[in-house]
Every structure is written in structure tokens, then in C-alpha cells.
Amino acid sequence: MLQSQPEINAAQETEPIQAVTRESSQLIATCSLTEQELKVLPLIIEGYDNDVIAKRLDMPAEKVQHYVQNVLDKLRGDDRTQSAVQAFRSGLM
């Protein structure tokens, strides 16, 4: 027997979207990426690994690893994908 889905009003539908928007706005206000981190971020979003990023930016892989970790921390992402999503939601990209 199929159960009927509870009705959702318009306010309930937009609540998660508004929460994401508020969170993203707060992230922009508190997140200040350095010039180097801003160079690394688009390459993270493109899916490049640290070695490729290092070659593209002509810097040691250890530095790239440091910048990547800073980006993940500042954007509150558990991984590169979450950080990329946060960058787009917050308007950084």
C-alpha cells in the first residue's frame, strides 16, 4: 500500500535554499583567500591534482599542498568537491 506524501508549503520548500544562501553570505564575509589560494582554487575546481597544479603554477608541490589545505579549511570543505561547491555558492567563482 502506498503512503501519501505529506504536503509541503512554499515556505518549507525555500527554507533549505535560504539557509544555504545565509551560510554562503557568511562564508564570503569571513573567508579571505590569499592571492596564491585564489590561483589554486580554479585548478582545484577543474579537478587537477597537486602535482599538475604545481606544474601549472610553477611552484613546489609542497606549497600547493599547503595552499590547497588552506582553501579547504577556509571554505569549510571536507574535500575538494565540497570546497568547489562552496566557492560557487559563495560567489567566489
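The values are calculated or read from the model by the stated rules, or taken from the named source; none is laboratory data. As the structure is a prediction and not an experimental result, all values here were calculated from the model. Ideal geometry is used to build each Cβ from the backbone, glycine not excepted, and the neighbour counts take in all protein chains shown.
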What is the one condition in (1) modelled with pLDDT of 85 or more; (2) over 17 Å from L92 (Cβ atoms); (3) surrounded by 11 or more Cβ atoms within 10 Å (Cβ to Cβ) that T14 does not satisfy? (1)
List every residue pair whose Cβ atoms lie under 8 Å apart, where the two residues are 6 or more positions apart in sequence or sit on different chains, the first residue falls within the range 67-93 and is more than 9 Å from L41 (Cα to Cα), and the second residue, located anywhere, is among the acidic types (D, E) and part of a loop (DSSP other than H, G, I, E, B). L72/D78; L72/D79
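Could you tell me which residue of the range 21-43 is modelled with the lowest pLDDT, considering only residues that are β-branched (V, I, T) and in contact with a Phe, Trp or Tyr (Cβ under 9 Å, 6 or more places away or on another chain)?
Keep residues of the range 21-43 that are β-branched (V, I, T), which gives 21, 28, 30, 34, 40.
Now narrow it down to the ones that are in contact with a Phe, Trp or Tyr (Cβ under 9 Å, 6 or more places away or on another chain): 34, 40.
On the way: T34: 89, V40: 94.
My answer is T34.
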So which residues in the range 31-77 are surrounded by fewer than 17 Cβ atoms within 10 Å (Cβ to Cβ) and not in a helix (DSSP H, G or I)? S32, T34, E46, G47, D49, D58, M59, P60, R76
